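Have a look at the structure that comes next, please.
The values are calculated or read from the model by the stated rules, or taken from the named source; none is laboratory data. Fair warning: this is a prediction, and the values are worked out from it, not measured in the lab. Note that we place each Cβ from the backbone using ideal geometry, even for glycine, and neighbour counts take in every protein chain shown. These accessible areas exclude ligands, DNA and RNA; they are computed on the full protein's heavy atoms, side chains included. Shrake-Rupley method; radii C 1.70, N 1.55, O 1.52, S 1.80 Å.
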Amino acid sequence: MRRATAQLLLLPNNNDPFRDKAAAMFAKKKDTAPAPAFTPLAQNEPVQLVSPVQAPVPPPRPKPASMLAQGVAIKGDVMGDGEVHLDCVVQGDIRVGKLVLGPNARVEGSLHAQVIEIHGRVTGQVSAKQVRLYGTAVVDGDITHEQLAMESGAQFQGRSLKFQRQAPAPTGAAPAPAAPQAPAPGVQSPAMAVYPG
């Protein structure tokens, strides 16, 4: 298939004023200024790639504490690995990372945590590395601890048992779990009061 092309032929017409303007507009002008000289990049210079700066990773945010306010009653065990604030009634054992019992808290069961702060009433065993009894605390049961602090006014009926530190195990042997150090039968070990300064 053949394509037909049309050519437009302009004949000179000396009486046409638009022709002169059009010719002047589309005519190529001779440049008198030299073209700008471009210098190529040096071939021997190494090209350094800039990697994005990595910002330091912020430390993980602590988990927010779980809270149960006054007016709630729980019948059963409470378990978790975070921080728990209770100001309610619990009938069951509590095993968490950190436990704070408010002044309205009433617990019947054992408490196990790394840190326990008691403002309310507990009937049962308490076991933690750090135990703090505030002035409104009432505890009826043994407290097994590494550190025990009691404010003036706190009531404690039971034994204060200190975690027994393990002796270094021989190489290759698995360490035995820590057991609380029990006083001799018939001997009560008094609770030690530590007051903040």
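Which percent of the accessible heavy-atom area of segment 74-165 goes to carbon and sulfur, probe 1.4 angstrom? Numbers along the way, then the final one.
Details: 1850 of 4260 Å².
For segment 74-165, the apolar C and S fraction of the accessible surface comes to 43 percent.
If we count every other residue with Cβ under 10 angstrom of GLN155's Cβ, Lys/Arg +1 and Asp/Glu -1, where does the sum land?
Numbers: positive: ARG121; negative: ASP140.
Value of the local net charge: 0.
Treat segment 96-165 as a sphere of radius equal to its Kirkwood radius over Cα pairs and apply Stokes-Einstein at 37 °C in a medium of 0.692 mPa s; give the translational diffusion coefficient in µm²/s, rounded to a whole number. The partial results should precede the final answer.
Details: Rh = 11.5 Å.
Once the numbers are plugged in, D ends up at 286 µm²/s.
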